[in-house]
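Trainee: Mind looking over this structure? Questions follow.
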Amino acid sequence: MKAALAYEWIRLRTLRSTWWMLGISLIVTALLTLAFSGLILDLQAASGQGVSGTEAFIVVLTRSVLTPVVAGLIGVFAIAHDLRYGTIVTTLLVTPRRIVALAAKALVVSSAAATLALANLAVAWVAGLVVLRDRVSMDLALYDLVRAQLGFVLLVVGWSLIGLAFGPRSCRNRPRSRPSS
């Protein structure tokens with residue numbers, strides 16, 4: 001299992017597509033959080049009332065809409081790249097037992113997804129606090145805060161595992177139509 005985990009970690013780390021998707025996800029999260037924080041301030045100024053911390057928290061920290069999609073794509077690519085580029089042979093040479101290879105892929109993909117979710121939450125917090133600092137009261141209980149963020153991390157991990165399940169379906173060899181003579 002250690003060899004399979006090491007192989008999968010190296011494979012995931014050396015793909016350019018992984019890094020591009022992670023970077024784009026973080027940038028989009030920052031931009032969306034800044035935009036929604038500005039929207040909260042505009043709504044607060046227009047209504048003349050304060051925005052509760054719960055509403056601000058939900059709006060700002062749940063704007064990482066691209067994060068679950070990116071996690072799902074990482075899961076799809078974990079198997080689809082192996083099938084498309086023929087590296088499944090190397091995977092099975094490193095780990096001959098298929099269940100161990102699949103378990104290693106699932107562990108590495110879910111760990112990467114959890115890290116992505118935590119990074120996106122950190123970016124959302126920083127961007128949200130830059131705009132909303134001292135303007136919105138945070139009357140949210142710590143338990144609710146931890147529960148909501150843990151739920152987001154689990155959502156992203158779930159999407160990555162769903163992507164892993166759909167990976168083989170995305171690479172099926174479809175019959176090509178023959179040109180008519």
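Each reported figure results from applying straightforward, stated rules to the coordinates on display, with no laboratory input. Model, not experiment: these values are computed from the prediction. Cβ placement follows ideal geometry from the backbone for every residue including glycine, while neighbour counts extend to all protein chains displayed.
Trainee: Along segment 3-8, what does the Karplus equation 6.51 cos²θ - 1.76 cosθ + 1.60 (θ = phi - 60°) give for ³J(HN,Hα), rounded to whole Hz, x for Gly and Pro?
Mentor: 5, 5, 5, 5, 4, 5
Trainee: Using alpha-carbon pairs under 8 Å, 6+ residues apart, how would you state the relative contact order of segment 2-169 in percent?
Mentor: Values: 187 pairs, mean separation 67.2, N = 168.
That works out to 40 percent.
Trainee: A further question follows. Let a ≥ b ≥ c be the square roots of the eigenvalues of the Cα gyration tensor of segment 2-169; is it rounded (a/c under 1.5), or, if not, prolate (a/b larger than b/c) or oblate?
Mentor: Because a/c hits 1.5 or more and a/b exceeds b/c, segment 2-169 counts as prolate.
Trainee: If you don't mind, there's one more thing I want to ask. Got a sec? How would VAL146, VAL109 order by Cβ neighbour count within 10 Å, fewest to most?
Mentor: Numbers: VAL146 10, VAL109 26.
By the 10 Å Cβ count, ascending: VAL146, VAL109.
Trainee: Also: Quick one: Karplus J couplings for segment 84-100, per residue in order, coefficients 6.51, -1.76, 1.60, θ = phi - 60°, nearest Hz, x for Gly and Pro?
Mentor: Along segment 84-100, the couplings run 6, 9, x, 7, 4, 5, 5, 4, 6, 6, 5, 10, x, 7, 5, 5, 5 Hz.
Trainee: Here's a follow-up. Among ARG98, ARG16, ARG84, what is the fewest-to-most ranking by other Cβ atoms within 10 Å? Write down the numbers at each step before the final one.
Mentor: Values: ARG98 10, ARG16 7, ARG84 13.
So the residues, fewest neighbours to most, are ARG16, ARG98, ARG84.
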